[in-house]
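**Student:** Got a structure for you, written out below as structure tokens; questions coming shortly.
Taken together, the values in this text are just the output of simple stated rules run on the coordinates, not laboratory data. On a predicted model such as this, the values are computed, not experimentally measured, just so you know. We place every Cβ from the backbone using ideal geometry, glycine too, and count neighbours over all the protein chains shown.
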Amino acid sequence: MSEVLALKYRPQSFEEVVGQNQTVESLRAALDNGTLGHALLLCGTRGTGKTTTARIIAKELNQSFPEIYENWEKRHHLVLTEIDAASNTGVDNVRELIESIRYATQGHRVVVLDEAHMLSKNAFNALLKTLEEPPPRVTFILLTTEPHKLLDTVKSRCQIYEFHEVEQQTLEAYYEHIMELEGVKADVKAAALKANGSVRDGLSILQKVLSGEQEADNSKQYFELVGAIYSQDVATALQLTSELRKAEEARVIIQTLEKWFYWASVENFGQKTPIREFFDGDNRLEFDLAHLQRLFDRCLDIERNFTATPNAKIVLEMGILKLSL
Ligand SMILES: Nc1ncnc2c1ncn2[C@@H]1O[C@H](COP(=O)(O)OP(=O)(O)OP(=O)(O)O)[C@@H](O)[C@H]1O
Ligand SMILES: [Mg+2]
């Protein structure tokens, strides 16, 4: 498999986008009713389909331009401009952009501003008027994982579409489907768990598994480790840690524990997390929230120590001791 899974399986139409039903439905409806705004903001978790969807919208907007639409692969560059705001943050970049879209082209022009929150305040101010009233047949699509960093004046000019973390079950089913198409077998459950809601992250994990970099499902080991730490069974905790160490970096182990403590906390409130399976049935651990909170805080402390000394093994083991006391 030479091609990277995430690129090979990038959805080409709304129907192929998984786990964003409501968002995709409202986009579909807005396109059909002609109520799609001239400025859109697609925001939410990384690797959940923002860039992908922006491209699909661009294609849809060009449906009435058969020359472009029917030869999309070849001709999309005529109407689709993608700008990485992270590296084009300034006023001059924006002025250039505004200048470049003043003249009509064949088709419907779509300007995608990726990492939109990175634009400088001045750059945004230069863009405001154009966002409010772009030239005919021009649509702006702003993408960001951090919408709270955008100015309200910008947000208020955009139709907002949210992209959510994709549920573990949905990911599992999707990865299963892809593995079938590839004609290979892989532990999709582990990938879906580790993906943490990001379709792309899970695909990268599968990619590694398929290229022989074994990424075993160690969630059971983590569950046991969390249990050992929680019940202050130091010997077992250290033993499990050294097992995990064979497959994972010291720092990753602490970061993963941190996530587990977080998940265990919110599971108490009935929130669904990637570790739900460990909370169903008989092996359910009853956790005390204050204790989980302390463990979580300690993990944050331990994580800082990794930058203080190059000896990660010591930091990890002392950290596990600290957690288990
Ligand atoms: N909702 C989805 N349905 C199907 N595949 C998806 C979805 N989201 C992401 N992917 C897969 O992940 C890849 C990357 O997705 P995309 O670039 O759209 O994510 P993004 O939300 O823009 O992420 P980032 O915030 O990191 O830019 C796609 O090529 C596709 O393979
Ligand atoms: Mg993106």
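**Student:** Report D for the chain in µm² per second (integer): Stokes-Einstein, Kirkwood Rh on Cα pairs, 37 °C, 0.692 mPa s.
**Tutor:** Working: Rh = 22.4 Å.
Taking Rh from Cα pairs, D becomes 146 µm²/s.
**Student:** Here's something else I'd like to know. Using +1 on the beta carbon of Lys and Arg, -1 on that of Asp and Glu, and nothing else charged, what's the dipole of the chain about the Cα centre, debye to 20?
**Tutor:** 800 debye
**Student:** Can you list residues from other chains, or at least 5 along the same chain, whose modelled amide H is less than 5 Å from the amide H of ASN196?
**Tutor:** Here the answer is none, since no amide H 5 or more places off falls under 5 Å of that of ASN196.
**Student:** What's the center-to-center distance, using Cα atoms, between the range 155-196 and the range 257-273 in Å?
**Tutor:** Result: 20 Å between the Cα centres.
**Student:** Something else now. As I understand it, the dipole of the range 218-325 uses +1 on the Cβ of Lys and Arg and -1 on the Cβ of Asp and Glu, about the Cα centre. Which of VAL252, GLY227, PHE269 lies farthest toward its positive end?
**Tutor:** Highest projection toward the positive end goes to VAL252.
**Student:** Using a cut-off of 15 Å between alpha-carbon atoms, which aspartates and glutamates can reach LYS313, once sequence neighbours fewer than 8 places away in the same chain are excluded?
**Tutor:** Within reach: GLU243, GLU248, GLU249, GLU303.
**Student:** What number of lysine-lysine pairs in the range 20-163 show an alpha-carbon separation below 15 angstrom, given a sequence spacing of 8 or more or placement on distinct chains? It would help to have the intermediate numbers written out before the result.
**Tutor:** Working: LYS50/LYS59; LYS59/LYS74; LYS121/LYS129; LYS121/LYS149; LYS121/LYS155; LYS129/LYS155.
For the range 20-163, the number of qualifying lysine pairs is 6.
**Student:** Translational D (Stokes-Einstein, µm²/s) of the range 1-66 at 25 °C and 0.890 mPa s when Rh comes from the Kirkwood sum over C-alpha pairs?
**Tutor:** On the way: Rh = 13.0 Å.
Roughly 189 µm²/s, to the nearest whole number.
**Student:** If you build a Gaussian network model of the chain, linking Cα atoms that sit under 10 Å apart, which residue out of ALA192, ALA228, ALA85 swings the most?
**Tutor:** Between ALA192, ALA228, ALA85, it is ALA228 that shows the largest mean-square fluctuation.
**Student:** Residue by residue, what Karplus-based ³J(HN,Hα) values in Hz, rounded to whole numbers, does the range 142-150 have, using 6.51, -1.76 and 1.60 with θ = phi - 60° and x for Gly and Pro?
**Tutor:** 9, 10, 7, 8, 10, x, 5, 8, 8
**Student:** Select from the chain the helices, each a whole stretch of DSSP H, whose alpha-carbon atoms run 24 Å or more along the helix axis and whose Kyte-Doolittle mean is at least -1.0; answer none if there are none. Walk me through the intermediate numbers first.
**Tutor:** Numbers: long enough: 250-267 (26 Å, 0.23); 289-308 (29 Å, -0.18).
Passing helices, by number: 250-267, 289-308.
**Student:** Using alpha-carbon pairs under 8 Å, 6+ residues apart, how would you state the relative contact order of the range 1-130 in percent?
**Tutor:** Numbers: 110 pairs, mean separation 29.0, N = 130.
Reported as a whole number, the value is 22 percent.
**Student:** What percent does the relative contact order of the chain come to when contacts are Cα pairs within less than 8 Å and at least six residues apart? Don't jump to the answer; show the numbers that get you there.
**Tutor:** Values: 426 pairs, mean separation 55.2, N = 325.
Reported as a whole number, the value is 17 percent.
**Student:** How do LYS246, LYS194 line up, fewest other C-beta atoms within 10 Å first? Before the final figure, lay out each step's value.
**Tutor:** Values: LYS246 8, LYS194 21.
By the 10 Å Cβ count, ascending, the order reads LYS246, LYS194.
**Student:** Just want to confirm a number: the relative contact order over the range 226-325, from Cα pairs under 8 angstrom separated by 6+ residues, in percent.
**Tutor:** On the way: 87 pairs, mean separation 42.4, N = 100.
Relative contact order, the range 226-325: 42 percent.
**Student:** Taking other Cβ within 10 Å of each residue's Cβ, how do GLU60, GLU133 sort, fewest first?
**Tutor:** Working: GLU60 18, GLU133 12.
Ranked by crowding around the Cβ, least crowded first: GLU133, GLU60.
**Student:** For q values of 0.24 Å⁻¹, compute log₁₀ I(q)/I(0) with the Debye formula on a Cα-only model of the range 221-275, without solvent.
**Tutor:** -0.95
**Student:** Return the calculated 222 nm mean residue ellipticity for the chain, to the nearest 500 deg cm²/dmol, obtained by summing -39500 (n - 2.57) across DSSP H runs with n ≥ 4 and dividing by the residue count. Mind dumping the intermediate values first?
**Tutor:** Working: 16 runs with 173 residues, N = 325.
The per-residue figure over the chain is -16000 deg cm²/dmol.
**Student:** Still on this model: What percentages make up the Cα-Cα pair-distance distribution of the range 218-325 when the bins are 5 Å wide from 0?
**Tutor:** Per 5 Å bin, starting at zero, the Cα-Cα P(r) for the range 218-325 comes out as 2, 13, 25, 26, 19, 10, 4, 1, 0 percent.
**Student:** Looking at the calculated P(r) for the range 1-115, what percent of the C-alpha pair distances fall above 18 Å? Mind showing how you got there, number by number?
**Tutor:** On the way: 3739 of 6555 pairs.
Within the range 1-115, distances greater than 18 Å cover 57 percent of Cα pairs.
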